[in-house]
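S.K.: For reference, the structure I am asking about is given below.
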Amino acid sequence: MELLGLISWILLLFLILAFICFLLYCGYIHYQHMKYDHIPGPPRDSFFFGHSQTILKKMRQNQLVYDLFLDWVTTYGLVIRTNILHRVVILTVSPESVKEFLMSPKYTKDWFYDRLFSLFGVRFMGKGLVTDRDNDHWHKQRRIMDPAFSRTYLIELMEPFNEKAEELMERLAEKADWSRHVGMHAMMSRVTLDVISKVAFGMEMNSLENDRTPFPRAISLAMRAMVEMRNPFIRFSLEKRAFIREVQESVLLLRKTGRECIERRKKAIQDGEEIPVDILTQILKGADLEGDCDMEDLLDNFVTFFIAGQETTANQLSFTIMELTRNPEILEKVQAEVDEVIGAKRDIEYDDLGELQYLSQVLKEALRLYPTAPGTSRAIEEETVIEGVRIPPKVTLMFNSYVMGRMPQFYPDPLVFNPDRFHQDAPKPYYSYFPFSLGPRSCIGQVFAQMEAKVVMAKLLQRFQFELVEGQSFRIMDTGSLRPMDGVICRLRPRSSSGKAKKID
């Protein structure tokens, strides 16, 4: 009886403590509401969950959350408040705030990037170049990596860019009979995987030859997990257990591959072999300079560059193809430019890229409508004022290129695909276009990515006529980066040397 009485008292004490914690949590949420509710925003779904239910509903329906944000800023203004449980995130689409907070090194990335340290308990990007929140340490990493993205080295990449793009053209030629359906996103994912593997890490992935390689799926699962983790309750979902295991296995595969790659390069250095000045060499050089990097730190940047260098470029190419098929007059114009600049030659030269001005405009316009990395965020430690709205300290500011790129205040007829917006004589977008972010934390690989995209697109436009298979939805899927939901299914046929499509009987 005494034991039962003791257990009863312990349970009662536990319930009292739980109730006190619940009251404290309620008080904290109420305090957050009082602190930030002067900022415009949509009505909360509930006291405890804020706007989480609306956001999660969009995600479950495979709808794009950023379209919801676009509706909200259209209704409530350039600065809006969103409540996620006890957290408050401020979305601003003010160009002046983009200029202030992204261009300055004063503001660090926010707590969201800490969540990318690991995925479901398995180390993912760790403290790599994208996720490092310590600006001093990040600056040291960035300075070490810069030589791998210098103009001199990028010019040397034209050979592997041409080589891998040519392999893609050969695979497409096998399917170009106007009757077969070709998933262009899948093909773009393979070529960008082969490119980043070779030019960054000296690996031959050969995914264009072997469509069973697990890496595209591993990368897609990891990217999707970044989105799914927006749901704070996913770890407790029974129906997501299989997905979580697959993500864990995918991240382990990426890091295992990186470990093998790094160990091979270290041995090559020890054996006195000639070593390229690529990303992997710079990762190892940085480890020597810092002196305290272990293998896990090295793998953080391997995974970061592997994913960032593959997924986003594949998505940009896919969206570009999709829009060109929807706008035949633009397709005809950009093909005419490619015919004039490239002609029938096989290898595209670095100087040719500068001549492909209209193709540059097409690629930029695709990123305006479909920024593959749609947004970023910063931690604000001090009180500030944006568009006349007082923003209390200790809050996250969210910036979204997708939302701003679709606002008529910044782009007339924003849903119209119009490459002339980026003509050299057109007015430059004023801090409303940042698909690679802006300022000191902008993407180190953006020139690399656009060179690669230009080579692939120029060869595709040179060799093939293509059109979309009927019945596609043009919907966008958020997998951490934005991609076409239907895969951009096309039919293709070769073009003749005169620039016209060959007739296929």
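Any read-out appearing in this document is the output of simple, stated calculations on the displayed coordinates, not a laboratory observation. Note that the coordinates shown come from a computational prediction; the quantities given were computed from them, not determined experimentally. Virtual Cβ from ideal backbone geometry, glycine too; neighbours counted across all protein chains shown.
S.K.: Under 5 Å between amide hydrogens, which residues at least 5 positions from PHE474 or on another chain qualify, with H placed 1.01 Å from N in the peptide plane?
M.R.: ASP486
S.K.: Based only on other Cβ atoms within 10 Å, what is the fewest-to-most ordering of THR304, THR384? Don't jump to the answer; show the numbers that get you there.
M.R.: Working: THR304 22, THR384 18.
So the ranking, lowest neighbour count to highest, is THR384, THR304.
S.K.: Okay, moving on. Taking other Cβ within 10 Å of each residue's Cβ, how do CYS443, CYS490, CYS21, CYS26 sort, fewest first? Don't jump to the answer; show the numbers that get you there.
M.R.: Details: CYS443 19, CYS490 24, CYS21 10, CYS26 13.
Fewest-to-most Cβ neighbours within 10 Å comes out as CYS21, CYS26, CYS443, CYS490.
S.K.: Using 0.36 nm per residue of separation minus the Cα-Cα distance, give me the extension gain between PHE19 and LYS333 in nm, one decimal. Write down the numbers at each step before the final one.
M.R.: On the way: separation 314, 0.36 × 314 = 113.04 nm, distance 6.81 nm.
Length difference between fully extended and current span is 106.2 nm.
S.K.: Kindly provide the GluC sites (Glu not before Pro) of the range 388-484 that DSSP labels as loop, not H, G, I, E or B, and whose Cβ sees at most 11 other Cβ atoms within 10 Å. List each step's numbers first, then the result.
M.R.: Details: sites: GLU452, GLU467, GLU470; in loops: GLU470.
Loop-located and lightly packed - GLU470.
S.K.: Where does each of 43-49, 198-204 land if you order them by average Cβ count within 10 Å, highest first?
M.R.: Numbers: 43-49: 13.1, 198-204: 19.6.
Result, highest mean first: 198-204, 43-49.
S.K.: Please work out how much length the chain gains when fully extended from HIS86 to ARG230, using 0.36 nm per residue of separation minus the C-alpha to C-alpha distance, in nm with one decimal.
M.R.: Values: separation 144, 0.36 × 144 = 51.84 nm, distance 1.38 nm.
The HIS86-ARG230 span can extend by a further 50.5 nm.
S.K.: Show me, for the range 177-187, the HN-Hα J-couplings you get by feeding each phi into the Karplus relation (A = 6.51, B = -1.76, C = 1.60, θ = phi - 60°), rounded to Hz, glycine and proline as x.
M.R.: Rounded to whole hertz, the list is 10, 6, 10, 7, 9, 10, x, 5, 5, 4, 5.
S.K.: Related question: FRET efficiency for GLU296 and ASP177, Cβ-Cβ distance as r, R0 = 51 Å, nearest 0.05?
M.R.: Working: r = 49 Å, r/R0 = 0.96.
Efficiency computed from Cβ-Cβ geometry: 0.55.
S.K.: If you don't mind, another one. Using a cut-off of under 18 Å, list every residue of the range 122-146 whose amide N is near the label point 7 Å from the Cα of ASP288 along the Cα-to-beta-carbon line.
M.R.: Backbone N within reach: 141-146.
S.K.: Where both partners of a DSSP beta bridge lie in the chain, what percent of those bridges are antiparallel, to the nearest 5? It would help to have the intermediate numbers written out before the result.
M.R.: Values: 30 of 33 bridges.
If I count the DSSP bridges inside the chain, around 90 percent turn out antiparallel.
S.K.: Filter LYS106/LYS394; LYS198/LYS256; LYS127/LYS198; LYS333/LYS459; LYS127/LYS256 down to the pairs with a C-alpha to C-alpha distance above 19 Å, please. Walk me through the intermediate numbers first.
M.R.: On the way: LYS106/LYS394 14 Å; LYS198/LYS256 17 Å; LYS127/LYS198 24 Å; LYS333/LYS459 15 Å; LYS127/LYS256 17 Å.
With Cα atoms farther than 19 Å apart: LYS127/LYS198.
S.K.: Further question: At most 11 other Cβ atoms within 10 Å and a DSSP loop assignment: could you name the trypsin sites (Lys or Arg not before Pro) in the range 320-416 that fit? Before the final figure, lay out the partial values.
M.R.: Working: sites: ARG326, LYS333, LYS345, ARG346, LYS364, ARG368, ARG378, ARG390, LYS394, ARG406; in loops: LYS345, ARG346, LYS394, ARG406.
Within the range 320-416, the qualifying trypsin sites (Lys or Arg not before Pro) (loop, at most 11 other Cβ atoms within 10 Å) are LYS345, ARG346, LYS394.
S.K.: Could you work out the relative contact order of the chain? I mean the mean sequence separation of Cα pairs under 8 Å and 6+ apart, divided by the number of residues, in percent.
M.R.: Relative contact order here is 23 percent.
S.K.: Compute, for the chain, the length of the dipole vector about the Cα centre, with Cβ point charges of +1 (Lys, Arg) and -1 (Asp, Glu) only. Units Debye, rounded to 20.
M.R.: Roughly 1280 debye for the chain.
S.K.: Toward the positive end of the charge dipole of the chain, about the Cα centre and with charges on Cβ (Lys, Arg +1; Asp, Glu -1), which of ILE307, PRO484, LEU238 goes farthest?
M.R.: The listed residue farthest towards the positive side: LEU238.
S.K.: Then there's this: Could you give the nm distance between label points at SER118 and LYS394, where each point is 7 Å from its Cα heading toward the beta carbon?
M.R.: About 2.7 nm, to one decimal.
S.K.: Mind sorting out which of [x] 415; [y] 184; [z] 270 is the real volume of the Cα convex hull per residue in Å³ computed from the coordinates?
M.R.: Among [x] 415; [y] 184; [z] 270, the one derived from this structure is [y].
S.K.: Quick one: 3J(HN,Hα) in Hz for the range 351-362, Karplus 6.51/-1.76/1.60 with θ = phi - 60°, rounded, Gly and Pro as x.
M.R.: So the Karplus estimates, Gly and Pro as x, are 5, 4, 4, x, 7, 8, 5, 5, 4, 4, 5, 4 Hz.
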